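Everything on this sheet refers to the single structure shown next.
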Amino acid sequence: MSQVISLADIRRLAADFAQSGIVAAPLPTDSGKVFYQKVAAEEVQNIVLDGSLKCVNSIKEFLFPRHEVLYTFVRKGNDVELTDAPVFDTPQLILGCRPCESASLPILDPVFAWDFNDRFFQSRRAMTTVVSIACQKADSDCFCTDVGGSPENTSGADAILYPLDGDRFEVRLLTEKGKVLFAGKTTESSDVGHACEGPKATLDTAKITRWLNSHFNDPLWSELAHQCVGCGACTSVCPTCHCFDIVDEGSYQKGRRVKNWDYCQSALFTLHASGHNPRPDQGARQRQRITHKFAIYPEKFGAILCTGCGNCSRLCSAALGIKPALEKISSEAAEDLMPVPPLWVRNTQDK
């Protein structure tokens with residue numbers, strides 16, 4: 001027997017949660033586009049739970065905010081008083097995200113607990129319950145199956161919803177967090193939900209990785225650069241992009257040190273104080289973005305830094321994104337037996 005809950009009961013659950021915690025869910029804007037947004041208790045009727053929906057943004061901003069205070073400082077005579085920012089301790093519910101969004105979280109976990117435990121990200125992860133919704137329709141930008149995902153990928157989710165008729169959902173509970181959230185709120189049923197068929201897998205990521213490791217100076221990077229304007233829209237909506245900068249705000253007397261999103265497609269990202277830029281053109285920046293996702297990160301952490309969500313392609317004003325770039329690489333990639341240089345050698349090539 002399956003566990004089933006009505007849309008009305010999900011909204012009541014969200015309203016109750018919002019009384020003492022944070023709820024983030026798909027909400028329509030005045031423009032008609034739908035974003036993952038914080039939802040107040042009185043707004044739960046506007047939550048959109050649709051397995052065909054593609055939100056503009058990513059859920060990552062609720063675990064890795066665009067702007068985050070690390071600590072404050074105040075000058076007192078010859079001393080400086082530092083005060084750490086408080087650890088995030090508010091229960092948080094992310095409701096109705098796509099499986100390719102929730103799947104990004106375990107991919108990101110290692111980088112925030114690698115040589116330094118980022119208590120800001122980790123505290124948010126610990127306090128967050130994620131309820132995804134099985135996809136009901138894939139579009140031309142989706143390629144989750146190429147990177148090991150699927151329309152009902154449960155990775156990173158605590159529970160997953162499957163739409164049924166009559167504004168009902170089958171609930172599959174995946175973790176203890178999910179069981180606690182839905183305890184006493186579901187009923188047994190013989191109805192079983194289904195996800196849509198996934199997009200046909202057409203890319204060989206192992207082949208792409210081999211090509212990346214042996215084509216550092218390939219002309220393709222310049223070709224891709226003709227399309228890219230370096231706006232960074234792709235990285236802002238990517239659920240796995242995680243570059244950031246740390247800056248001080250305020251004055252000599254008092255201020256705060258903050259962490260802000262940054263992006264590798266910007267010319268300023270690698271610009272040295274001397275004026276030298278080791279990635280001097282957009283081709284080098286495209287190369288870095290794709291090589292990081294499909295060669296460097298997998299080698300270091302054992303996972304491709306991409307869930308195949310297609311967000312970058314949908315938002316790109318130049319019709320680029322990761323998938324079209326991978327398709328071009330795939331068409332050029334040849335099976336070869338060239339030895340793959342170790343990571344430290346490849347890193348020295350980009351200095």
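The values are calculated or read from the model by the stated rules, or taken from the named source; none is laboratory data. Just so we're clear, the structure is a prediction, and the values are computed from it rather than from any experiment. Methodologically, a virtual Cβ is constructed for each residue, glycine included, from the backbone with ideal geometry; neighbour enumeration extends over all protein chains shown.
Those helices (runs of 4 or more DSSP H) of segment 174-289 in which 1 or more residues are in contact with a helix residue (DSSP H, G or I) (Cβ under 6 Å, 6 or more places away or on another chain) and either assigned by TED's automatic domain parsing to the domain that holds ASP109 or in contact (Cβ under 8 Å) with a residue 40 or more places away in the chain (or both) occupy 205-214, 220-225, 233-237.
Of the residues making up segment 246-277, those that are of a type outside the set (S, T, N, Q) and under 19 Å from CYS231 (Cα atoms) number 8.
All but one of (1) surrounded by fewer than 18 Cβ atoms within 10 Å (Cβ to Cβ); (2) among the polar types (S, T, N, Q); (3) at pLDDT 95 or above hold for THR240, so report the exception by its number. Among (1) surrounded by fewer than 18 Cβ atoms within 10 Å (Cβ to Cβ); (2) among the polar types (S, T, N, Q); (3) at pLDDT 95 or above, THR240 violates only (1).
Would you call THR154 surrounded by fewer than 22 Cβ atoms within 10 Å (Cβ to Cβ), farther than 24 Å from GLY310 by Cβ and not assigned by TED's automatic domain parsing to the domain that holds CYS312? For THR154, the condition - surrounded by fewer than 22 Cβ atoms within 10 Å (Cβ to Cβ), farther than 24 Å from GLY310 by Cβ and not assigned by TED's automatic domain parsing to the domain that holds CYS312 - is not met.
Applying the criterion of at least 2 residues that are closer than 20 Å to PHE301 by Cβ, among the aromatic types (Phe, Trp, Tyr) and within 18 Å of the chain's Cα centre (by Cα) to the helices (runs of 4 or more DSSP H) found wholly in segment 47-161 leaves 119-127.
Could you identify the single residue in GLU223, GLU249 that is touching a Gly at 6+ places or on another chain (Cβ under 7 Å) and not small (Gly, Ala, Ser)? Result of the check over GLU223, GLU249: GLU249. Output yes when any residue across segment 89-99 is among the aliphatic types (A, V, I, L, M) and either over 17 Å from GLY178 (Cα atoms) or free of Cβ contacts under 8 Å to residues at least 12 places away in the same chain (or both), and no when none is. No, every residue in segment 89-99 fails to be among the aliphatic types (A, V, I, L, M) and either over 17 Å from GLY178 (Cα atoms) or free of Cβ contacts under 8 Å to residues at least 12 places away in the same chain (or both).
Applying the condition of being among the aromatic types (Phe, Trp, Tyr) and touching a Phe, Trp or Tyr at 6+ places or on another chain (Cβ under 9 Å) to segment 159-199 and asking which residue is surrounded by the fewest Cβ atoms within 10 Å (Cβ to Cβ) yields TYR162. Consider GLN92 carefully, then state whether it is loosely packed, with under 13 Cβ neighbours inside 10 Å and under 25 Å from ILE133 (Cα atoms). Criteria not met by GLN92.
Each residue in segment 309-323 was checked for being out of contact with any Lys or Arg (no Cβ under 8 Å at 6 or more places or on another chain), not polar (S, T, N, Q) and not in a helix (DSSP H, G or I), and 4 of them qualify. Taking the stated definitions as given, is ALA183 under 24 Å from the mean Cα position of the chain (by Cα) and of a type outside the set (Asp, Glu)? Taking the combined requirement at face value, the residue does not satisfy it.
Scan segment 120-143 and give yes if some residue there is acidic (Asp, Glu), surrounded by fewer than 16 Cβ atoms within 10 Å (Cβ to Cβ) and over 18 Å from PRO239 (Cβ atoms), otherwise no. Checking segment 120-143: not a single residue is acidic (Asp, Glu), surrounded by fewer than 16 Cβ atoms within 10 Å (Cβ to Cβ) and over 18 Å from PRO239 (Cβ atoms). Out of GLN288, GLN282, one residue alone is in contact with a Gly (Cβ under 6 Å, 6 or more places away or on another chain), of a type outside the set (A, V, I, L, M, F, W, C) and crowded, with 19+ Cβ neighbours inside 10 Å. It is GLN282. The set of residues in segment 17-70 being within 16 Å of PRO91 (Cβ to Cβ), of a type outside the set (A, V, I, L, M, F, W, C) and surrounded by 14 or more Cβ atoms within 10 Å (Cβ to Cβ) consists of GLY21 alone. I'd like the full set of residues that are farther than 19 Å from GLN136 by Cβ and without any contact (Cβ under 8 Å) to a residue 40 or more places away in the chain, limited to segment 149-173. If the condition is that a residue be farther than 19 Å from GLN136 by Cβ and without any contact (Cβ under 8 Å) to a residue 40 or more places away in the chain, then ASP158 is the only one that fits.
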